[in-house]
Each structure stands twice: as structure tokens, then as C-alpha cells.
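Working notes for the structure below.
What follows draws every value from the coordinates through simple rules; no lab data is involved. These figures come from a predicted structure and were not determined experimentally. Cβ: placed from backbone, ideal geometry, glycine included. Neighbour counts: every protein chain shown.
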Amino acid sequence: MSDTIPYGRQLISDEDIDEVVRVLRSDWLTTGPQVEKFEEKFSQITGAKYAVAVSSGTAALHVITAAIGIQPGDEVIVPTMTFAATANSVVYQGATPVFADVLPETLLIDPASVRKKITKKTKALYAVDYAGQPCNYQELRRIANEHGLILMDDACHSLGSEYQGLRAGQFADLNAFSFHPVKHITTGEGGMVTTDNPDFAKRMKTFRNHGITTNHRERELQGAWFYEMVDLGFNYRLTDIQCALGIRQLDKLSDWVKKRKQIAHAYDEVFQKSDWIKPLGIQEGSKNSYHLYVVRVQSGQRDALHKYLRAHGIGANVHYIPVHLHPYYKKNFATQFGQCPVAEKAYGEILSLPIFPTMTDAQLAKVIQTIHQFRERAS
Ligand SMILES: *Cc1c(COP(=O)(O)O)cnc(C)c1O
């Protein structure tokens, strides 16, 4: 490893590795007992009734749009300040993502923008808990109820966060998580969906396994070889090897979120006094789990600061290019610059600073000091 401070980094203990090796030596590498164990533990920790493990966060988003029956002709509202996979999960079903703008203080989906984008074709609404902060679910739920929409949460940033007494995984009708190494916990690649709805859970389990069901009664009648493919599905299964790692990682979630909060508060202390770098706003009633620590660089110097930090061994990053500005969406969905002005302006100012559970005080001090140095040189 170079001594660059990354913006995020996983932590795997020797015990985690031992557990993975134990599963490697067992009879089940996939579709075995670790999968259910991981799902059970995940639903306990999030407080959701059902958890369905899948092979990535992207697969989690896709099993959601498939399970709720999104199809050609449908529209789904998606905040533009997110990773492209949120919108892509709508396109996978042949439907149209309609981009909503975000709030200037938090960069969370703006309920007023959502209301403007609703049409007769709108079937569902995605919230994205940007950087780890829960959206305004009180208002989003009200909109969903008024218009008969299914409310979905791309919670890939917000495992361990809370909103008005609810935990991430309980905010929306369906909630998607990612276990990519930069996220709160990791399985290498991996994902999970939570829901309280048994029909959705059943459909998602079928969809992740080629659309195949095994009906035990039919098996008894026809023979143990019997199965039926009832829908078109995918192979989105998560292996037992990965689930074993996920089970261990979940034990450390609350400590890691605590550590992330400490780092975020230390940054806040510094930037709240700054006249050129501002932390994102905190919404009342929500407890951020800080997947990212995002600041807005207000002096037109974001790109220069980014370059300076990189040159000094600090892996700052930009999350995200608003999805409606990607060439694919411009070409296929006629999106254009100007349609989400708040996100477009923010895109020129945002910078994600390093934050991860094993970040040391010395690394934190180096990031802050390097930012001060940049300012002194620039002025
Ligand atoms: C990470 C992430 C995803 C995709 O997750 P993968 O596990 O990489 O497929 C989707 N949406 C958001 C907001 C993410 O941060």
C-alpha cells in the first residue's frame, strides 16, 4: 500500500479471515446455512422483518425494481445526486427514471421537486440517504401515500443511521444496502434488501435465483429433482463465503459508526469556523452514519484543492456527478444541464474527505493541516 490516505477503507480482522476459511473448508460454498444466518442477523440489526442477501448493492436495487413490478411505460423518481446504479435499476426494467433535484443544505432529495415530477405514469420513488444522512421520510411518506407510490430507499450510504427512532432498513417499503469495501461493512462485493412485506421478500428471493421456485408439495408429488422457473430472474446470489464475512462485520458496525461520527465531529469543528469550506447541513431528527464526509468548497477552488490534496497523499474524491449529466442519460432519456440546478451547482463545490474507522488522529490532523496549507498558499 502507498501511504496515501484513502477516502474510505475496509477493516478485516484475523478472526474474520479464520471464519471465512472455516466456511471454505465446509460443505457449503453457496446457498448454504451462512446466507440465512446473515439475513437473520441483518434483519435483527436493522429491525426490518425480512432481509434478502444478493451479490451487490446494484443487484439489491435491481431486485427491488423487479419485485415491485416496474415495467416499460412506468416512471420512477430518482434524486440526481447519487451513484448511477440507483437510476440504472429503473432502466434494467425498461422503465424511465425521472430525476428530482436535491436540497441545497443537505443534498438530500427535495420533496418539493418530487411533487413537481409526479405524473400518471409514476409508480415509485427512490430516496437516497446521501453521505449517510436519512432523507425527510415524514414528507416522502406523505407524498407516497397521497399518490399511491412505493417508497424505496437506496440506503447504500446509511447502514447504522437513524431517523425519528427508526433504523436504516426501516425507512422505506424496500431498502437497499451495499457491502462494497468502501461502505460501512464489507463482503468484498455484496448487497442486501430489507422489507416488512412478505410478498416482496418472496419475489426477491425468486428473482435472485433465476426466477426459480421450489414448491415443497410439488417436490413431494413429482420427486426431489423438481423445480419450476416461474419468472425471468438472474443469478444474484451471495456466497456463504461472503456471508460468513458479513456476519462477523455486522458485530463491529456500531463501534465503526461511532468512530465515523467522532471523525465527522472533528472535521465539523474546523469547518464550521471556515469562511470558504462548509460542512453539509444536518437535518433535524436524523442521525447520520457518515459513509462520506462531504464539504462544499465555496471559493471556486474545489478542483485546485482536490488536486493539491491528491499531490499531498490525500485521496479526496467527488460524490457525485449528477446522474442526469451522464452521456448515457442525455442520449437515451434526453436529460440536460439546467434541469436540476441545485445539484448542478453543488457538483462544482463538493469534496469527500477521508473518513474510515481505522483513520488515525495523525491522518486526520494531516488532512486538516493540508487544507489550511492550501488556503495559505492560495491567498
Ligand atoms: C455503492 C453504491 C451503490 C452500488 O453498490 P455496489 O455494491 O457497488 O453495486 C448504489 N448506490 C449507492 C448510493 C452507492 O453508494
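For the pair region 135-169 and region 287-303, the centres of their Cα atoms are 23 angstrom apart.
Restricting the chymotrypsin sites (Phe, Trp or Tyr not before Pro) of region 298-368 to loop positions (DSSP other than H, G, I, E, B) with no more than 13 neighbouring Cβ atoms within 10 Å leaves Phe337. If R0 equals 25 Å, the separation of the Cβ atoms of Val182 and Trp28 corresponds to a calculated FRET efficiency of about 0.30. Put simply, the amide H of Thr80, placed in the peptide plane, has neighbours under 5 Å in Ala100, leaving out anything fewer than 5 places away on its chain.
For region 252-313, what does the alpha-carbon gyration tensor say about shape, rounded, prolate or oblate, given a ≥ b ≥ c as the root eigenvalues, a/c under 1.5 as rounded, and a/b over b/c as prolate? It is oblate, given that a/c is not under 1.5 and a/b is not larger than b/c. Considering only Gln242, Gln222, Gln283, the Gaussian network model of the chain with Cα springs below 10 Å gives its largest mean-square fluctuation to Gln222. Using a simple spin-label model with pseudo-atoms 7 Å out from Cα toward Cβ, Asn145 and Ala362 lie 5.4 nm apart.
Spin-label pair Val270-Phe226: with each label point 7 Å from Cα along the Cα-Cβ axis, the two points sit 6.6 nm from one another. Sequence-ordered 3J(HN,Hα) estimates for region 46-63 from the Karplus curve with 6.51, -1.76 and 1.60 and θ = phi - 60° stand at 8, x, 8, 5, 10, 9, 10, 7, 9, 7, 6, x, 5, 4, 4, 5, 6, 4 Hz, glycine and proline given as x. For the pair region 19-55 / region 311-379, the C-alpha centres are spaced 35 Å from each other.
With 21 Å as the limit on Cα-Cα distance, the pairs of Lys345/Lys366; Lys183/Lys258; Lys202/Lys287; Lys278/Lys345; Lys205/Lys258 that go past it are Lys345/Lys366; Lys202/Lys287; Lys205/Lys258. Largest mean-square fluctuation among Ser26, Ser89, Ser161, in a Gaussian network model of the chain whose springs join Cα atoms under 10 Å apart, belongs to Ser26. Classify region 118-204 as rounded, prolate or oblate, taking a ≥ b ≥ c as the square roots of the eigenvalues of its Cα gyration tensor: rounded when a/c is under 1.5, otherwise prolate if a/b is larger than b/c and oblate if not. Taking the square roots of the gyration eigenvalues as a ≥ b ≥ c, region 118-204 is prolate.
Placing unit charges on each Cβ (+1 for Lys and Arg, -1 for Asp and Glu) gives the chain a dipole about its Cα centre, and among Val76, Pro322, Ser13 the Cα reaching farthest toward its positive end belongs to Pro322. Note on the chain: with a GNM built from Cα contacts shorter than 10 Å, the maximum mean-square fluctuation among Lys41, Lys202, Lys120 falls on Lys120. Evaluated at q = 0.07 Å⁻¹, a Debye calculation over the C-alpha positions of the chain (equal weights, vacuum) places log10 I(q)/I(0) at -0.32.
Dipole check for the chain: with +1 at the C-beta of Lys and Arg, -1 at the C-beta of Asp and Glu, and the Cα centre as origin, the magnitude is about 720 Debye. Using a ≥ b ≥ c from the Cα gyration tensor of region 235-379 (square roots of the eigenvalues), is it rounded, prolate or oblate, where a/c under 1.5 gives rounded and otherwise the larger of a/b and b/c decides, a/b for prolate? Oblate, since a/c reaches 1.5 and b/c is not below a/b.
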